[in-house]
Amino acid sequence: MDTHPEGDWHRPPSQLTLGSEDVHVWRIPLDPSDTVVSELASILDVDERARAARFHAVIHRTRFVVGRALLRRVLGQYLGLRPEEVAFVYGEHGKPALRGEATIGGLRFNLAHSKDLALLAVVCGREVGVDLEALRALEDAERIVARFFSTREQADFFRVAPELRQLTFFRGWVRKEAYIKAIGKGLALPLGDFDVTLAPGDPPRLLRVQDQPDEPNRWALAELSPGVGFVGAIAVEGTGWRLRGFDVTHGPQANTENRE
Ligand SMILES: CC(C)(COP(=O)(O)OP(=O)(O)OC[C@H]1O[C@@H](n2cnc3c(N)ncnc32)[C@H](O)[C@@H]1OP(=O)(O)O)[C@@H](O)C(=O)NCCC(=O)NCCS
């Protein structure tokens, strides 16, 4: 299972169940109508509201609020809790997790956002990391690869034809981010300390982690297709899992103004 093609996003069932082999990925639009935004804002707790208030740009504040509120709402659906009752704890490098994981059946999740879209991965009894990026012209992709990617990745990248390098960069980047988010270290793990596949046509895989020879066997990567203009990837602990994509819907009105 290496790809998650466009068209694989479904309306969620009314009764959500998550077995140990299920990996659910939710696609969350972050620019709903103002009415929906105000409803969602009331879901956040005091700390989240304080964090929202620190965003200078309204569009970034709004997207944070919508992402957080929908995170609470979706997780609440699995847990049989109201969104306000969902409680988080944070790892050493800031990875959010559910408080009292053992008592709530081992549910784990990871969230990523880019521009007006978020992806939320939900699993049971295993770790997960997800990343997405809006494709955009990036003048210094080659400089970033040369400076931060591993020696092997640099060799793979610079063998790619120049016109394919932007897409190759973003595909590689989301694979790398999905892994560092799955292990919870984020950018505290130097990006050059591990290799992922990134040559066009190479299925997503973790190939090497410095001083940890067993890591590549512990993780499986898959590509996600979040929509036109985006690339995504997921890193999931273990094998034998089954990926399903669901769409979060906000209702009929969507705010088409102020998009970045
Ligand atoms: C985790 C990290 C890679 C996220 O990168 P990003 O592309 O900016 O953001 P994404 O949209 O992919 O993900 C953000 C979400 O990931 C989750 N997250 C935060 N820290 C995380 C971590 N350490 N591991 C996994 N997930 C994390 C949160 O849900 C966050 O959502 P929020 O901002 O709405 O709370 C980055 O912020 C990071 O490295 N943080 C760790 C702190 C750190 O070590 N910083 C060093 C800076 S050089």
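The table for this structure:
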| quantity | calculated |
| --- | --- |
| The lone exception for E153 - which of (1) within 9 Å of the ligand (Cβ to nearest atom); (2) surrounded by 19 or more Cβ atoms within 10 Å (Cβ to Cβ) it fails | (1) |
| Conditions (1) over 30 Å from I59 (Cα atoms); (2) under 13 Å from the mean Cα position of the chain (by Cα); (3) more than 12 Å from the ligand (Cβ to nearest atom); number of the one not met by V123 | (1) |
| Residues of the stretch 156-204 satisfying the condition of being touching a residue at least 60 places away in the same chain (Cβ under 8 Å), more than 10 Å from the ligand (Cβ to nearest atom) and of a type in the set (A, V, I, L, M) | L167 |
| Search result, residues across the stretch 102-135 that are under 23 Å from L16 (Cα atoms) and of a type in the set (G, A, S) | A102, G105, G106, A112, A118, A121, G125, G129 |
| Cross-chain or 6+ apart pairs with Cβ under 7 Å, the stretch 126-139 first and under 14 Å from K181 (Cβ atoms), then of a type in the set (S, T, Y) | G129/Y179; L132/S114; E133/S114 |
| Flag if R68 is under 22 Å from D247 (Cα atoms), free of Cβ contacts under 8 Å to residues at least 40 places away in the same chain and touching an Asp or Glu at 6+ places or on another chain (Cβ under 6 Å) | yes |
| Filter pass, E21 being more than 15 Å from the ligand (Cβ to nearest atom) and out of contact with any helix residue (DSSP H, G or I) (no Cβ under 7 Å at 6 or more places or on another chain) | yes |
| Residue in the stretch 169-184 that is in a loop (DSSP other than H, G, I, E, B), closer than 25 Å to H93 by Cα and either at pLDDT below 95 or outside the structural domain of V58 (by TED's automatic domain parsing) (or both) present | yes |
| Check on R147, among the charged types (D, E, K, R), more than 15 Å from the ligand (Cβ to nearest atom) and either within 21 Å of A182 (Cα to Cα) or part of a helix (DSSP H, G or I) (or both) | no |
| Residue match in the stretch 169-187 (condition: over 23 Å from A118 (Cα atoms) and surrounded by 19 or more Cβ atoms within 10 Å (Cβ to Cβ)) | no |
| Matching residues, the stretch 55-74, being touching a helix residue (DSSP H, G or I) at 6+ places or on another chain (Cβ under 8 Å) and buried (at least 17 other Cβ atoms within 10 Å of the Cβ) | R61, T62, F64, V65, V66, R68, A69, L70, R72, R73 |
| In the stretch 102-120, residue surrounded by the fewest Cβ atoms within 10 Å (Cβ to Cβ) [restricted to those that are of a type in the set (G, A, S) and either over 20 Å from A235 (Cα atoms) or within 11 Å of the ligand (Cβ to nearest atom) (or both)] | A102 |
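The values are calculated or read from the model by the stated rules, or taken from the named source; none is laboratory data. Here the structure is a predicted model, which means the values were calculated and not measured. Neighbour counts run over all protein chains shown; Cβ positions are idealised from the backbone, glycine included.
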